[in-house]
Amino acid sequence: MAEAVALTVSAALHLAKDALRARPLHIVGEVTGFKPHTTYRAYYFQLKDEDSVMEVTLWKNVFAEMGVELKDGMIIEVSGHFDVYPAKGSMSFIPRHYKVAGEGDLRAQVAALANKLRDEGLMDATRKKELPWLPERIAVITSPNGAAIHDVLRTLARRYPLADVLFFGTLVEGHGAASGIVRALQTADRYGPDVILLVRGGGSFEDLLPFSDEEVARAIVACGAPVVSGVGHEPDYSIADMVADVRASTPTAAAETVVPARDELLGILAGHLQQLIIPFDQYNLRVDALQQRLEQALPGKLEADVVRIESMRMRLEQAIPTRLERDEMTLANLRLRFITAGARLVTEPQIALTHRGAQLEALSPLKVLSRGYAAVFDSKTHRVIDSIQKVKAHDQVTVQVADGSIFTLVERTEEAEMATRDNSDKNQKE
Amino acid sequence: MAEQTFAEGIAELEAIVHSLESGNLELEDSLTSYERGVTLIKELQTKLETAQQKVTTLLGDVDPAPVEGEEELMV
């Protein structure tokens, strides 16, 4: 065999390079030596199996396109070719595509992590925090792009615009998402919000993987504020959902969970207004009736009471809303509850005023006399004669009528038999 | 004094309702409480109907702009 012409090293490596580049390969192996933070334009790591190891040069644009985070220990499938770097005579594999090998394994990993965290008590109902009814500061963590943030902001503005919203943008899928979410949770919690929303729209199992990351789960648990998760659509719960204080199914549902609806609050206010009125509702009627009686009873020294009652009545009339406003109120159970309270409120003043009204009537028989009745007094003692036992024939009596007195003598007395006593009294006086 | 928040207003309103409910107030005090309650309700309704949500962005996109590697690439 004739001796071949010797090649230069460069020429030899170029031959190898051309040969390798012409041969696309599909390789499965375990990631090792992966450093997520690099300033290079590529990630340099190795793929290995039990016996061998090979260098990999993963361009950042390919990595970004794939959107699948890499970690040591992951089994991935890479498609591409080997290449040779002549300056060092080294060989490296250049993936054009890659994917996580065996999604089943990943699901198993997530399930194993879920079990581990459950065993630690991170999912215990007793650990979960209650949501405030009326939050004043709401932290929202999601991607600054995409529909989720708009769904959340729109829902919060529609339902409860009184709360301040603090927005913390982060990547929510692919490389860097898990660490970004952890950082956003920690940062958001330092602002002392009343509640934290952690949301994203729907996606594939791989898309949602950052929400099943162990560090994310622990960051959720570490938050001082309650965390509500809203990760869309995937039928599987993410681990974030399991450890969150409240799980909602979508970003919109998460926003609805943390604030009451404006209409609900307006209804509550209307209910309170009714609660305020009901005790006075009956009272107002009683005061009206008592005022009438007092006026008719010629109050004199009690004029001050009438003035006081009149002023209260005016305050009530001014304060109590119109019938139209009151028709808007609909909480029937509250009405029942407060009718009871109203009755209590009315009873005591009512008793006092009734008593006073009775006194007035006793003091002032003029009203009765004006209707044609008369009162008969003993002319000497000025005592009221209300029985035939108090007079005898020829006694002097005074008959008082509305406009004056009649002085007369008793002719005779006669005991009532079948007739009522009222009638017999009248007969006697006539 | 800082302006009362909505939650504080609701809490005061509930206290007023409760005291009226108890029936322990003098009539004059009941009327005063009642008038305060109606004022509060009107204020809270106005707040709900006119509030504009305030949104503050405190953390943007966290993807840091990568610094271009100066070292020679292997390929």
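Overview of results
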{"read-out": "Hey, A:T170 crowded, with 17+ Cβ neighbours inside 10 Å, within 30 Å of A:D194 (Cα to Cα) and of a type in the set (S, T, Y) or not", "value": "yes"}
{"read-out": "Of residues in the stretch A:233-262 being crowded, with 21+ Cβ neighbours inside 10 Å and touching a Pro at 6+ places or on another chain (Cβ under 9 Å), the one farthest from A:M123 (Cα to Cα)", "value": "A:V259"}
{"read-out": "Residue in the stretch A:38-47 that is of a type in the set (V, I, T) and farther than 25 Å from A:S204 by Cα present", "value": "yes"}
{"read-out": "Filtered residue count, the stretch B:5-46, keeping only those that are under 18 Å from A:I138 (Cα atoms) and within 8 Å of chain A (Cβ to nearest Cβ)", "value": "3"}
{"read-out": "Residue match in the stretch A:277-300 (condition: part of a strand (DSSP E or B) and either at pLDDT 70 or above or buried (at least 18 other Cβ atoms within 10 Å of the Cβ) (or both))", "value": "no"}
{"read-out": "Yes/no for A:A184 being assigned to a helix (DSSP H, G or I) and farther than 30 Å from A:I76 by Cα", "value": "no"}
{"read-out": "Odd one out for A:F167 among (1) aromatic (F, W, Y); (2) touching a residue at least 60 places away in the same chain (Cβ under 8 Å); (3) over 23 Å from A:Y44 (Cα atoms)", "value": "(2)"}
{"read-out": "Inter-residue pairs, beta-carbon under 6 Å, first touching a residue at least 12 places away in the same chain (Cβ under 8 Å) and in the stretch A:197-218, second hydroxyl-bearing (S, T, Y), 6+ apart", "value": "A:L198/A:S229; A:V199/A:T142; A:R200/A:T142; A:L208/A:S238; A:F211/A:S238; A:S212/A:S238"}
{"read-out": "Filtered residue count, the stretch A:133-159, keeping only those that are under 15 Å from the mean Cα position of the chain (by Cα) and more than 8 Å from chain B (Cβ to nearest Cβ)", "value": "6"}
{"read-out": "Strands (runs of 3 or more DSSP E) fully within the stretch A:36-152 counting 2 or more residues that are over 30 Å from A:T252 (Cα atoms) and hydroxyl-bearing (S, T, Y)", "value": "A:42-48, A:75-85, A:90-100"}
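The values are calculated or read from the model by the stated rules, or taken from the named source; none is laboratory data. Computed from a predicted model, the values in this text were never measured in an experiment. Using ideal geometry, Cβ is built from the backbone for each residue, glycine included, and neighbour counts are taken over all protein chains shown.
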